[in-house]
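Asker: The structure follows.
The values are calculated or read from the model by the stated rules, or taken from the named source; none is laboratory data. A quick note: this is a predicted structure, and the numbers were derived from the prediction, not measured. Glycine also receives a Cβ, built like all others from the backbone with ideal geometry; neighbour counts cover every protein chain displayed.
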Amino acid sequence: MNLETLMQKHQKDLSEMDWSILGYILENEQAILRMSIVELGEKVHSSKSSILRLTKKLGFSGYSEFKYFMRQAKQNNTATQEADLLDLQMKDIENTVKLAKQTDFTALSEALEKANTIYCYATGYSQRKVVEEFSKMLMLCDKRSIVIPVKTELDISMSMITKDDIVLFVSLSGETDAIKENILSLNARKIPVVAITAFSHNFFAEHAQYSYFYYSTPFTVCKKEYIAQSLVGLSVLVDLIFRKYVTYLNKEFEEGNEW
């Protein structure tokens, strides 16, 4: 078990401040192992008691036990990477599918079918390739879909997007600063927003009417500091969303043709 799994397990108990602290911990796992609770508090601008409460929410007796867990998880993760990176890939896929199975996609399917146009925007090149494939698949359903390739064109398109449309954002972090203003503008105009991001508490998901998560576990390359991050979980989730949409359409068609 790793920290992300614990975060998912206890997500209903975690406050926004807790998510912020955990986000810092995930980004600085190596440094955390050398920090005292006071030092961590200074880094995240939080009190010692707040961090202690957080560790207890996650099921630990205190900060020392939490650090021990982090150290063991890191050692286990390193061993796993050295043993077989394919296992890591399969775990991302399995966790993505497991989370999706606990999610009801009916409301999203209804919103996609109701929308005049589905606008799609991805914050990175790799994510955009997945979105482009999704857009092509929507054409099979006679659904109008437009992939917006760059931020400038997103800004230009904003005035053309109406309440009868829906806007889908795909991101890894869900925290791309340049896009936040666009999402807030869409919120203010009551235009439906869909956020598809890696599993985390993030801005995109928080400000979307429909939010969905995939898993993407980073790993080091050739024992160097280079970090690789696969988006296979994203591809699986987007394909699943399309299949749920087609299932919804087929059901509507069958019911409409009943005598």
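A quick yes/no check of all residues on (1) in the same structural domain as Lys12 (by TED's automatic domain parsing); (2) under 25 Å from the mean Cα position of the chain (by Cα); (3) assigned to a strand (DSSP E or B):
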position	(1), (2), (3)
Glu42	yes, no, no
Leu54	yes, yes, no
Ser64	yes, no, no
Glu132	no, yes, no
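Asker: A further question follows. Residue check: is Leu138 over 23 Å from Gly174 (Cα atoms), under 23 Å from the mean Cα position of the chain (by Cα) and buried (at least 16 other Cβ atoms within 10 Å of the Cβ)? Steps first, please.
Answerer: On the way: over 23 Å from Gly174 (Cα atoms): yes; under 23 Å from the mean Cα position of the chain (by Cα): yes; buried (at least 16 other Cβ atoms within 10 Å of the Cβ): yes.
Judged against the criteria, Leu138 is a match.
Asker: Then there is this: What do you reckon, is Thr103 surrounded by 12 or more Cβ atoms within 10 Å (Cβ to Cβ) and either of a type in the set (Asp, Glu) or modelled with pLDDT of 95 or more (or both)?
Answerer: Values: surrounded by 12 or more Cβ atoms within 10 Å (Cβ to Cβ): yes; either of a type in the set (Asp, Glu) or modelled with pLDDT of 95 or more (or both): no.
Answer is no for this residue.
Asker: Could you give every pair whose Cβ atoms fall below 6 Å, whose first residue belongs to the range 40-69 and is within 19 Å of Thr5 (Cβ to Cβ), and whose second residue is among the charged types (D, E, K, R), counting only separations of at least 6 or pairs across chains?
Answerer: From residues that are within 19 Å of Thr5 (Cβ to Cβ), the pairs are Leu54/Asp18; Lys57/Asp13.
Asker: Scanning for something outside any helix (DSSP H, G or I), assigned by TED's automatic domain parsing to the domain that holds Ser157 and within 30 Å of Phe242 (Cβ to Cβ), does the range 106-114 turn up at least one residue?
Answerer: Taking the range 106-114 first, the residues outside any helix (DSSP H, G or I) are none.
No, the range 106-114 contains no residue that is outside any helix (DSSP H, G or I), assigned by TED's automatic domain parsing to the domain that holds Ser157 and within 30 Å of Phe242 (Cβ to Cβ).
Asker: Which of the residues spanning the range 154-183 are part of a helix (DSSP H, G or I) and surrounded by 13 or more Cβ atoms within 10 Å (Cβ to Cβ)?
Answerer: The initial filter retains those residues of the range 154-183 that are part of a helix (DSSP H, G or I), namely 154-160, 177-183.
Of everything in the range 154-183, those that are part of a helix (DSSP H, G or I) and surrounded by 13 or more Cβ atoms within 10 Å (Cβ to Cβ) turn out to be Leu154, Asp155, Ser157, Met158, Ile179, Lys180, Asn182, Ile183.
Asker: With the checklist (1) over 22 Å from the mean Cα position of the chain (by Cα); (2) among the aliphatic types (A, V, I, L, M); (3) surrounded by 15 or more Cβ atoms within 10 Å (Cβ to Cβ) in hand, flag the one item Met7 doesn't pass.
Answerer: (1)
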